[in-house]
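One structure below.
The values are calculated or read from the model by the stated rules, or taken from the named source; none is laboratory data. Please read all numbers here as calculations on a predicted model, not as lab measurements. Neighbour counts run over all protein chains shown; Cβ positions are idealised from the backbone, glycine included.
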Amino acid sequence: MMTTTEQIPDAEVTPDATVPFNLALSEEQKEIRDWAHGFAADVIRPAGEEWDEREETPWPVIQEAAKIGLYGFEGTAQFFADPTGLLLPIVNEELFWGDAGIGMAIFGTTLAVASIFGQGTNEQIGEWIPRCFGSVDDPKVASFCVSEPDAGSDVSALRTRAKFDEKTNEWVLNGQKAWATNGGIADVHVIVASVDTELRSRGQAAFLVPFETKGISQGVKVKKHGIRASHTAEVLLDDVRIPAENVLGGKEKLDERLARAREGTKNKSQAAMATFEASRPTVGAQAVGIARAAYEYALEYSKEREQFGRKIIENQSIAFMLADMKMEIDCARLLVWRASWMGRTGQDFNNAEGSMSKLKAGEVAVWTTERAIQILGGNGYAREYPVERWHRDAKIYTIFEGTSEIQRLVISRAISGMHLS
């Protein structure tokens, strides 16, 4: 069965410089959106079922993305540099429309990149971000490692330690990371560790660890419910020694930040949350892509499937369900676009708009894919049809990078000004 290729809608109006607000995409944004959609339709979606079954990193697809510039330093820099902030979520939506597991295999690197870009010095950005991607002939991936077996939502409880050895001018890292996307197969691992445990989250920093470093290794690979083409594993750190300059932002800035924290001065953000704040709208865009794929498939199926002598879309219960699916997807996308625009233009998330976008999009993805299964009936529950895979893929978006409950906590704290728990 063929699916539609609805894509992100274009505004039909011509932008007018005298109008202070419009939602029209630029010609460049449209061209890149269509380019990304073409790759998703022609390369990613046909490979989705195979790599989901194999539960392996789809290196051939990553290399194809690298060949056309979709995966790499220059392409990612272009997405990040868009002055509206919309290009990165637009591309993510299209690729995850193709397949979420493969999409995460391609875009999982950007979380580490976002951390380096957001917290690193100019020298670190220039040296380490290109290394995260490798080359067209030899593509690499990167991993951002925060969660631990006993520290998931509560990132202030990290047990991984980073101690500075004055004699050798090196950091020594020890600990265990869990649920790390690309963990153990990445060329660059960004490790969030505690430098001063008494300061909890304010005493944390992020460290650049190349995988050839002695003492870093992959632990157990996770066999997941969904996004199975994306590699997730433990990362073990046993007396890992790295140069002093491998702390993001530099040791001098870290020392100054820790001194302020010890004096009781509040820091603007800490290592893990600074990255999550920046990435949540993009994660939301990924969820929107999954939801859109399921909606489009269910819509086309309902136009073709006949029961009791007529197309099932002619039944009001089906038509209304599809109407709600479309409305919820558009609502989620608008929240993602708002947060992405606010983040790119330097506006504060005073009402936790980044968390709003991720929360809404993740729950819409689960809700929409469940209804797609319902519309397909028994076929929706069969692995012969893709909606059951999309439903499995969607569920992680209410869990990782902050569960739905954590997002609601963040939002409630922002709007109330109170430290609710």
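Check segment 133-150 and report whether any residue there is touching a Pro at 6+ places or on another chain (Cβ under 6 Å) and not β-branched (Val, Ile, Thr). Within segment 133-150, none of the residues are touching a Pro at 6+ places or on another chain (Cβ under 6 Å) and not β-branched (Val, Ile, Thr).
Would you mind stating whether GLY362 is assigned by TED's automatic domain parsing to the domain that holds ARG305, buried (at least 22 other Cβ atoms within 10 Å of the Cβ) and at pLDDT 95 or above? Criteria met by GLY362. Out of GLU74, GLU55, GLU50, one residue alone is in contact (Cβ under 8 Å) with a residue 12 or more places away in the chain and surrounded by fewer than 20 Cβ atoms within 10 Å (Cβ to Cβ). It is GLU55.
Helices (runs of 4 or more DSSP H) fully within segment 24-118 that include at least 3 residues being touching a helix residue (DSSP H, G or I) at 6+ places or on another chain (Cβ under 8 Å) and modelled with pLDDT under 95: 73-81.
Do any helices (runs of 4 or more DSSP H) lying entirely in segment 292-399 carry at least 3 residues that are under 30 Å from PRO83 (Cβ atoms) and of a type outside the set (Lys, Arg), and which ones are they?
316-344, 353-376
Closer than 17 Å to GLY98 by Cα, in contact with a Ser or Thr (Cβ under 6 Å, 6 or more places away or on another chain), outside the structural domain of ALA112 (by TED's automatic domain parsing) and buried (at least 23 other Cβ atoms within 10 Å of the Cβ), is that true of ALA285? The answer is no for ALA285. Taking first residues from segment 239-265 that are under 22 Å from VAL113 (Cα atoms) and partners that are of a type in the set (Val, Ile, Thr) and part of a loop (DSSP other than H, G, I, E, B), the Cβ contacts under 6 Å between residues at least 6 apart in sequence or on separate chains come to VAL240/THR213; GLY250/THR121. When each of VAL91, VAL146 is tested for being assigned by TED's automatic domain parsing to the domain that holds PHE207 and either in contact with a strand residue (DSSP E or B) (Cβ under 8 Å, 6 or more places away or on another chain) or buried (at least 18 other Cβ atoms within 10 Å of the Cβ) (or both), the lone residue that passes is VAL146. Inclusion of GLU170 among residues that are modelled with pLDDT of 95 or more and closer than 30 Å to ARG344 by Cα is not warranted. Among all positions in segment 201-211, there is no residue which is more than 28 Å from GLY126 (Cβ to Cβ), surrounded by fewer than 24 Cβ atoms within 10 Å (Cβ to Cβ), within 24 Å of the chain's Cα centre (by Cα) and aromatic (Phe, Trp, Tyr).
Of the residues VAL172, VAL195, VAL209, VAL220, only one is among the β-branched types (Val, Ile, Thr) and in contact with a helix residue (DSSP H, G or I) (Cβ under 6 Å, 6 or more places away or on another chain); which? Break it down stepwise before answering.
Values: VAL172 fails: in contact with a helix residue (DSSP H, G or I) (Cβ under 6 Å, 6 or more places away or on another chain); VAL209 fails: in contact with a helix residue (DSSP H, G or I) (Cβ under 6 Å, 6 or more places away or on another chain); VAL220 fails: in contact with a helix residue (DSSP H, G or I) (Cβ under 6 Å, 6 or more places away or on another chain).
Result of the check over VAL172, VAL195, VAL209, VAL220: VAL195.
Of the residues that sit in segment 154-185 and are within 16 Å of the chain's Cα centre (by Cα) and part of a loop (DSSP other than H, G, I, E, B), which one is surrounded by the fewest Cβ atoms within 10 Å (Cβ to Cβ)? Per the stated criteria, the residue is GLY183.
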